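Reviewing the structure listed below.
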Amino acid sequence: MLVDILVEFLKGFGIFVGYYAGAVSLLLMFRRFLNPPKEIVRKAFHLICAMSALVLLYAFETWYLAVAAALTLAVALFPIFSYLDRFPKVMEVLVQRTKGEIRSSLVIVYVMMAVLITLFWGALGPGWKYIVVVSIMAWGFGDAAAALVGKAFGKKHIIHRLVEGSKTREGTIAMYAVSGFAIFVTLLICTSFPWYLCLVGALLVAPICALVELISKRGLDTITVPFATAIPLFLLAVFFNFFGL
């Protein structure tokens, strides 16, 4: 039994690390040869992190091994990036804005994923793990769109005591549209709900995502947006199931 668990963990963790090695290598080649804007590189790395949730959810058959893999990677990468922070030119390749940003962000991302997996796979069962996928896709693609559109096209800045920094209406609209699309498509793929219920879910939850991203401070949208997606989606799914929809 213990040997089987260890084999499953090592196999899944190998796939997880292999995914990262391949994706980051492609990103570095992309930057080396095409020299895209730095913000695109940042958000591409952001999407690599978000898409890694699919590896965690489908490379493992057991929820607690998926959680263990997420936390193991976070623990392993923290000292590595702590060491690399001594070399600013190396970290500049990944477009790190402030010292320690990447290592702390990775820890937050994988703790967030571990908690979501524990709740919506471990506690509720595998039939609910699609909520993890939907929540992380909404955050990953929505947040990337908000940043890219806001920086490239944002002109109408939102001035409010709850809003930190120079967020724009254009960026928030992009967050709403792209997170809604991500929710709709992911629900279509990962659930048996008919398309119109997937659309209802997207239209109801996407505004919450956009609002929570807008008022989240100090990069905490990595935590707040996935949970602001997961909780209402769970309640909607319970409602749909209760009425046999």
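The values are calculated or read from the model by the stated rules, or taken from the named source; none is laboratory data. Since the structure is predicted, the reported quantities are computational estimates derived from the model, not experimental observations. Ideal geometry is used to build each Cβ from the backbone, glycine not excepted, and the neighbour counts take in all protein chains shown.
Considering only the stretch 113-132, I want to know if a residue exists there that is farther than 30 Å from PHE13 by Cα and either in a helix (DSSP H, G or I) or not assigned by TED's automatic domain parsing to the domain that holds GLU39 (or both).
No, because not a single residue in the stretch 113-132 is farther than 30 Å from PHE13 by Cα and either in a helix (DSSP H, G or I) or not assigned by TED's automatic domain parsing to the domain that holds GLU39 (or both).
Would you say GLY171 is part of a helix (DSSP H, G or I), over 24 Å from LEU26 (Cα atoms) and either in contact with an Asp or Glu (Cβ under 9 Å, 6 or more places away or on another chain) or not hydrophobic (A, V, I, L, M, F, W, C) (or both)?
yes
Tell me, please, whether a residue that is more than 30 Å from PHE239 (Cα to Cα) and surrounded by fewer than 20 Cβ atoms within 10 Å (Cβ to Cβ) can be found in the stretch 126-140.
No, there is no match, as no residue in the stretch 126-140 is more than 30 Å from PHE239 (Cα to Cα) and surrounded by fewer than 20 Cβ atoms within 10 Å (Cβ to Cβ).
Let me spell it out: the conditions are (1) part of a helix (DSSP H, G or I); (2) touching a residue at least 40 places away in the same chain (Cβ under 8 Å); (3) not charged (D, E, K, R), and LEU162 meets all of them except one. Which number is the exception?
(1)
Give the stretch 21-43 a look and list any residue that's free of Cβ contacts under 8 Å to residues at least 40 places away in the same chain and under 22 Å from ILE108 (Cβ atoms), or say none.
Scanning the stretch 21-43 gives ALA21, ALA23, VAL24, LEU27.
Let's see how each residue does on (1) modelled with pLDDT of 95 or more; (2) in contact with a Leu (Cβ under 7 Å, 6 or more places away or on another chain); (3) within 20 Å of ALA59 (Cβ to Cβ):
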{"site": "PRO79", "(1), (2), (3)": "no, no, no"}
{"site": "VAL90", "(1), (2), (3)": "no, yes, no"}
{"site": "SER105", "(1), (2), (3)": "no, no, no"}
{"site": "VAL111", "(1), (2), (3)": "no, no, yes"}
{"site": "VAL115", "(1), (2), (3)": "yes, no, yes"}
{"site": "TRP121", "(1), (2), (3)": "yes, no, yes"}
{"site": "MET137", "(1), (2), (3)": "yes, no, yes"}
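Among the candidates LEU211, LEU199, which residue alone is among the hydrophobic types (A, V, I, L, M, F, W, C) and modelled with pLDDT of 95 or more?
LEU199 is the lone residue from the list that is among the hydrophobic types (A, V, I, L, M, F, W, C) and modelled with pLDDT of 95 or more.
For the stretch 217-229: of the residues being touching a residue at least 40 places away in the same chain (Cβ under 8 Å) and more than 15 Å from VAL111 (Cα to Cα), which is surrounded by the most Cβ atoms within 10 Å (Cβ to Cβ)?
THR229
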